[in-house]
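The values are calculated or read from the model by the stated rules, or taken from the named source; none is laboratory data. Owing to the predicted nature of the structure, the values given are computational and were not obtained by experimental measurement. Cβ coordinates were reconstructed from backbone atoms using ideal geometry, including for glycine residues, and neighbour counts include every protein chain displayed.
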Ligand SMILES: Nc1ncnc2c1ncn2[C@@H]1O[C@H](COP(=O)(O)OP(=O)(O)O)[C@@H](O)[C@H]1O
Ligand SMILES: [Mg+2]
């Protein structure tokens, strides 16, 4: 049994230099394969700041992110982001069809070794409960829920090992929220020994459904003491 976390935040800090304000106080947190974590906390408490820092989307002001036991070097950041995928609350889609959006990542340098697989994409579309014609829909004509489903499928087809979900179902209709949860659940269940997720949610019922470990964020402080672990704590 290996005890090396998939991702380890080692005292990561984010500051707003222009106002001299600390957005994220030193946060230390280990995410192991098989972990499903929920983070709750008030609006503006720093949940997105933490998740984006962990995704290495924003520069760290202190600390480091350790991935499979090794600090992530600058040159490895694209590979890291491919493996540790961040899904934002309001997805950004390109003009064009759903399929155009799903094809887009494969044009990027980090994905040169892989190719768009239409059958795989169609399977994910079916799994989300969309009709077969969904791939041909215009992105501009999608509902908020359909746009988020597209954004999630775009990430899932790239086979990430970690999903960082930043309130992905906030302001979505219940049916779309359910589809998002089921897609994430199926991805996690497909390889529990390799996958892990962090779900920022404002909905305690959803947090309970989609995680076993809960953390809270308050005024930029990730609250370790409030962690409740329903399984696995003793063996770590
Ligand atoms: N890039 C940034 N520069 C300056 N301030 C930021 C930046 N990103 C977020 N903030 C501020 O940090 C605080 C936490 O924001 P955020 O993490 O988005 O909150 P939430 O918990 O609602 O996700 C807020 O006061 C926000 O205005
Ligand atoms: Mg947020």
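Applying the set (1) without any contact (Cβ under 8 Å) to a residue 12 or more places away in the chain; (2) more than 21 Å from the chain's Cα centre (by Cα); (3) more than 25 Å from residue 177 (Cβ to Cβ) to residue 96 leaves exactly one unmet item: (1). Is one or more of the residues making up the range 18-36 within 16 Å of ligand 1 (Cβ to nearest atom), over 22 Å from residue 222 (Cα atoms) and either modelled with pLDDT under 95 or not in a helix (DSSP H, G or I) (or both)? Yes, because at least one residue in the range 18-36 is within 16 Å of ligand 1 (Cβ to nearest atom), over 22 Å from residue 222 (Cα atoms) and either modelled with pLDDT under 95 or not in a helix (DSSP H, G or I) (or both).
Just so you know, in the range 33-55 the residues that are out of contact with any strand residue (DSSP E or B) (no Cβ under 6 Å at 6 or more places or on another chain) and under 19 Å from residue 163 (Cα atoms) include one that is nearest to ligand 2 (Cβ to nearest atom), and it is 52.
The conditions of being within 16 Å of ligand 1 (Cβ to nearest atom), surrounded by fewer than 14 Cβ atoms within 10 Å (Cβ to Cβ) and within 21 Å of residue 199 (Cα to Cα) are met by residue 44. When the test is whether a residue is within 16 Å of ligand 2 (Cβ to nearest atom), buried (at least 17 other Cβ atoms within 10 Å of the Cβ), under 27 Å from residue 169 (Cβ atoms) and modelled with pLDDT of 95 or more, residue 65 does not pass it. Being farther than 26 Å from residue 68 by Cα, more than 16 Å from ligand 1 (Cβ to nearest atom) and either modelled with pLDDT under 95 or in contact with a helix residue (DSSP H, G or I) (Cβ under 9 Å, 6 or more places away or on another chain) (or both) holds for only one residue in 143, 235, and it is 143. From the residues in the range 168-187 that are within 16 Å of ligand 2 (Cβ to nearest atom) and surrounded by fewer than 21 Cβ atoms within 10 Å (Cβ to Cβ), which one is nearest to residue 65 (Cα to Cα)? It comes out as 170. Contact annotation: residue pairs with Cβ atoms under 9 Å, 6 or more positions apart or on different chains, pairing a residue in the range 34-61 that is under 23 Å from residue 77 (Cα atoms) with a partner that is within 6 Å of ligand 1 (Cβ to nearest atom) and assigned to a loop (DSSP other than H, G, I, E, B), are 47/41. Entry remark, the range 79-113: residues being surrounded by fewer than 14 Cβ atoms within 10 Å (Cβ to Cβ) and part of a helix (DSSP H, G or I) number 3 in total. In summary, residue 14 fulfils each of the numbered conditions (1) at pLDDT 95 or above; (2) assigned to a loop (DSSP other than H, G, I, E, B) with the single exception of condition (2). Taken residue by residue, the range 181-198 has at least one member that is in contact with a strand residue (DSSP E or B) (Cβ under 7 Å, 6 or more places away or on another chain), in a strand (DSSP E or B) and within 19 Å of residue 12 (Cα to Cα).
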